[in-house]
Amino acid sequence: MLVHGWAMHSGIWWDFAGHLAQNYQVTCIDLPGHGRSKQIDSFTLERISEALVNAVSDESSCWLGWSLGATVVLDIASRFPDRVNSLVLLAGNPAFTQTTQWPGMDAGLLDAFAEKLNEDCQATILRFLSLQVNNLPDYKTLLRTLKSAVIEFKAPDKETLQSGLEILKHADLRPALSGTSVPVSVILGTRDTLVPVNAGQNMLELAPEIMLNIIDKAGHVPFLSHPQDVLAIISRFMDEQCT
């Protein structure tokens, strides 16, 4: 089960999911109010998790979440443990914003995005996309890919986008990570400007059994910039679950 990030939709997975589907059954899910998915009355973690588990088969699966999607799949594992047999957190952080005890994104920057959304929604989304690929050698190519994907569908409404930023700012899924009994693979990039790579060490201290994977020179979209590395990590992780 592949769950995308903020302001995006499942179309961002197409190429990556195609490669993954050579060995696994893959389902790409749009968050409520994104892509082809209908809106829900309240874009909260509880309502999002309910909507996603009700939209797919009831068998236990591996849930892979990217960015905001990683927060969502951790919440699903906490609320619906019988539906999750393993987790992959791709460029995700159980506590997305930075504190004195935890590395993350500057909360003030998220506040600035929230303020700018009301002025120019499209420009704010594009700025957020550019942050995801900053400092990467193939910056222009990756940004074109992200832009092409995001304009494939009408953007979520401002209320949904604002609620998504609120989740990123306030949700703390560290108890869910430390309390989960399923195998967890964490995939981070050394050049990620949204999820600092040193968050991986903090996650290890919370949950020593997780499998931490660091991709050198990858940013916030390693499935686009380093797809073969991500696929190899997932294959090793899935193979270990079967042995």
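The values are calculated or read from the model by the stated rules, or taken from the named source; none is laboratory data. This one's a predicted model, so the numbers in the text were calculated from it and none came from an experiment. FYI the Cβ positions are ideal-geometry reconstructions off the backbone, even for glycines, and counts take in every protein chain you see.
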Verdict on Val3 being under 18 Å from the mean Cα position of the chain (by Cα), more than 18 Å from Phe153 (Cβ to Cβ), of a type outside the set (Gly, Ala, Ser) and surrounded by 14 or more Cβ atoms within 10 Å (Cβ to Cβ): no
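Condition check ((1) among the acidic types (Asp, Glu); (2) touching a Gly at 6+ places or on another chain (Cβ under 6 Å); (3) crowded, with 16+ Cβ neighbours inside 10 Å; (4) touching a residue at least 40 places away in the same chain (Cβ under 8 Å)) across all residues:
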position: Ala107; (1), (2), (3), (4): no, no, no, yes
position: Ala112; (1), (2), (3), (4): no, no, no, no
position: Ile125; (1), (2), (3), (4): no, no, yes, yes
position: Lys154; (1), (2), (3), (4): no, no, no, no
position: Gly164; (1), (2), (3), (4): no, no, yes, yes
Number of positions in region 181-195 that are surrounded by fewer than 24 Cβ atoms within 10 Å (Cβ to Cβ) and either outside any loop (DSSP other than H, G, I, E, B) or among the small types (Gly, Ala, Ser) (or both): 3
Thr193 over 15 Å from the mean Cα position of the chain (by Cα) and not aliphatic (A, V, I, L, M): no
In region 7-37, the residues that are part of a loop (DSSP other than H, G, I, E, B) and among the aliphatic types (A, V, I, L, M): Ala7, Met8, Ala21, Val26, Leu31
Condition check for Phe223: more than 30 Å from Cys242 (Cα to Cα) and either in a strand (DSSP E or B) or touching a residue at least 40 places away in the same chain (Cβ under 8 Å) (or both): no
Flag for Leu231 being among the hydrophobic types (A, V, I, L, M, F, W, C), modelled with pLDDT of 95 or more and assigned to a strand (DSSP E or B): no
Candidates Asp106, Asp120, filtered to the one that is over 22 Å from Phe223 (Cβ atoms) and in contact with a strand residue (DSSP E or B) (Cβ under 8 Å, 6 or more places away or on another chain): Asp106
Among the candidates Val88, Val133, Val72, Val150, residue that is within 18 Å of the chain's Cα centre (by Cα), under 22 Å from Ile12 (Cα atoms), modelled with pLDDT under 90 and among the β-branched types (Val, Ile, Thr): Val150
Check on Leu31, under 19 Å from Ile76 (Cα atoms), modelled with pLDDT of 95 or more, hydrophobic (A, V, I, L, M, F, W, C) and within 13 Å of the chain's Cα centre (by Cα): yes
Which listed residue, of Ile48, Ile40, is assigned to a helix (DSSP H, G or I), within 21 Å of Leu173 (Cβ to Cβ) and either without any contact (Cβ under 8 Å) to a residue 12 or more places away in the chain or in contact with a Leu (Cβ under 7 Å, 6 or more places away or on another chain) (or both): Ile48
Output for region 127-139, where each listed residue is touching a residue at least 60 places away in the same chain (Cβ under 8 Å) and of a type in the set (D, E, K, R): Asp138
Count of region 31-54 residues which are surrounded by 20 or more Cβ atoms within 10 Å (Cβ to Cβ) and acidic (Asp, Glu): 0
Identity of the residue in region 137-146, within 19 Å of the chain's Cα centre (by Cα) and not β-branched (Val, Ile, Thr), that ends up surrounded by the most Cβ atoms within 10 Å (Cβ to Cβ): Leu146
Long-range neighbours under 7 Å by Cβ, at least six apart or interchain, first residue farther than 17 Å from Phe237 by Cα within region 183-203, second in a helix (DSSP H, G or I) and of a type outside the set (Phe, Trp, Tyr): Gly189/Pro222; Thr193/Leu131; Leu194/Leu131; Leu194/Gln132; Met203/Leu177
